[in-house]
Amino acid sequence: MIVFDLSCALGGHRFEAWFASSDSFADQQARGLIHCPICGDDQIRKAVMAPRIGAKSNQRTDAMRPTSVPAVQTDTSHIPAANTPAMAADGPAVSAEMVRHMIAEIASKQAEMLPQSRWVGNDFADAARAMHEGRAPDQMIHGQSSPDQIQELHDDGIAAMPLLVPIVPPEVAN
């Protein structure tokens, strides 16, 4: 998989998208299958990206490691498995309108959920673990956690997932 920074011609909106390969991006672009999630424009081009230069093979620097990932603890039992027909790579084509509708629904549900959820900031992993172990009452929470902390939660059977629409933490909001 490869991620590209993309932008639309109509509004210049920047967004990311993942593709199996550069050829896959070119094929989808040529067939008009890539649309701006903000305005729906299908005239999409690769945006200028900062190069990602890895450390020496025997080094890993803290600068290369993500510092935090916004996450929310929630029930994920209603989410279909990745191998269901609707999610299969060779399944039916999904229209741009359907994608826009799904993104709008996700944003709407997240906006509906967040006021009912408690912001725990960088203490997300500890708060989720305390609820799982019965040391704190069960409630919806959201906050920030490192990818390693989220993996540890998953390894211990604790449901946590990234927020699909980015949010501004309360302490940095105007």
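Put a dot 7 Å past the Cα of E152, heading toward its Cβ, do the same for V99, and the two dots end up 3.7 nm apart. 3J(HN,Hα) along the stretch 99-115, derived from phi through the Karplus expression 6.51 cos²θ - 1.76 cosθ + 1.60 where θ = phi - 60°, amounts to 4, 4, 5, 5, 5, 4, 5, 4, 4, 5, 5, 5, 5, 6, 6, 4, x Hz, with x in place of Gly and Pro. Less than 5 angstrom separates the built amide H of D41 from those of C36, all sequence-distant by 5 or more or on a different chain. Between A47 and D23, the distance separating the two model label sites (each 7 Å from Cα on the Cα→Cβ line) works out to 2.8 nm.
Modelled label positions at L114 and A173, each set 7 Å beyond Cα in the direction of Cβ, lie 0.6 nm from each other. All C-alpha to C-alpha distances of the stretch 1-48, sorted into 5 Å bins beginning at zero, yield P(r) values of 5, 26, 35, 25, 8, 1 percent in whole numbers. 3J(HN,Hα) couplings calculated from phi for the stretch 22-37 with the Karplus curve 6.51 cos²θ - 1.76 cosθ + 1.60 (θ = phi - 60°) are, in sequence order, 5, 5, 5, 4, 4, 5, 5, 5, 4, 8, x, 8, 9, 10, 5, x Hz; Gly and Pro show x. Residue ranges 37-45, 145-153 sort as 145-153, 37-45 when ordered by packing (mean number of other C-beta atoms within 10 Å per residue, highest first).
Readers should treat all values here as calculations from the given coordinates under stated rules, not as data from a laboratory. Given the structure is predicted, the values throughout are model-derived calculations rather than measurements. Please note: Cβ atoms are built from the backbone with ideal geometry, for glycine as well, and neighbour counts cover all protein chains shown.
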